[in-house]
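The block underneath contains the structure these notes are about, expressed in structure tokens.
The values are calculated or read from the model by the stated rules, or taken from the named source; none is laboratory data. On a predicted model such as this, the values are computed, not experimentally measured, just so you know. Here the Cβ positions follow ideal geometry from the backbone for every residue, glycine too, while neighbour counts run over all protein chains shown.
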Amino acid sequence: MNIFEALRADHEIQRTLIDKLVNTSGDNDLRKNMFNKLKHELEIHADAEERHFYIPLIEKDLTQEKARHSIAEHHEMDELVEKLENTDMSSPAWLTYMKQLAQKVEHHLDEEEQEVFQLAGKALNEKDKQQLATTYQEEIDKSR
């Protein structure tokens, strides 16, 4: 497995949770549990991705700008998660913020897969791609 395959697998988990969450309503256990799972997935993914993908990319001229941009998007997602945590789940505002988070996450994942991965593929050698996947996956597995 290489780093791109490892990241894509987690992206699918995030996409599935978001799709389900934007179709929930009210303040109930299902919405709470799915939101907590999404929050956890976003957090562990961002932490591991920054450490085992973006930091190595920041060190390379070709990928530095994209890596910095992607890290900034992680912080924007964190801010939306915080808004959601501070909003009553039964409020219409909660779903509005959830849809904003969904758009931000979808944009981030698409941009990463369609732009960042291509540049990173040129910047990293095969050994790096496999080693980063191993260290990334080890951190994810410890956090799950």
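Against the definition (closer than 16 Å to Ile3 by Cα and either modelled with pLDDT of 95 or more or touching a helix residue (DSSP H, G or I) at 6+ places or on another chain (Cβ under 7 Å) (or both)), how does Thr63 come out, yes or no?
Values: closer than 16 Å to Ile3 by Cα: yes; either modelled with pLDDT of 95 or more or touching a helix residue (DSSP H, G or I) at 6+ places or on another chain (Cβ under 7 Å) (or both): yes.
Judged against the criteria, Thr63 is a match.
Here are Met98, Met89: which of them is of a type in the set (A, V, I, L, M) and part of a loop (DSSP other than H, G, I, E, B)? Please lay out each step first, then the result.
Numbers: Met98 fails: part of a loop (DSSP other than H, G, I, E, B).
Met89 is the lone residue from the list that is of a type in the set (A, V, I, L, M) and part of a loop (DSSP other than H, G, I, E, B).
The set of residues from the stretch 23-59 being surrounded by fewer than 14 Cβ atoms within 10 Å (Cβ to Cβ) and outside any helix (DSSP H, G or I) comprises Asn23, Ser25, Gly26, Asp27, Asn28, Glu59.
Take Ala9 and tell me if it is of a type in the set (Gly, Ala, Ser), exposed (fewer than 14 other Cβ atoms within 10 Å of the Cβ) and part of a helix (DSSP H, G or I). Spelling it out, Ala9 is indeed of a type in the set (Gly, Ala, Ser), exposed (fewer than 14 other Cβ atoms within 10 Å of the Cβ) and part of a helix (DSSP H, G or I). Across the stretch 16-34, not a single residue is classified as among the small types (Gly, Ala, Ser) and under 30 Å from Gln130 (Cβ atoms).
Residue-by-condition table, conditions (1) surrounded by fewer than 18 Cβ atoms within 10 Å (Cβ to Cβ); (2) in contact with a Cys (Cβ under 9 Å, 6 or more places away or on another chain); (3) more than 22 Å from Arg51 (Cα to Cα):
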| site | (1), (2), (3) |
| --- | --- |
| Lys83 | yes, no, yes |
| Pro92 | yes, no, yes |
| Ala102 | no, no, yes |
| Lys122 | yes, no, no |
| Lys127 | yes, no, no |
| Gln130 | yes, no, no |
| Tyr136 | no, no, no |
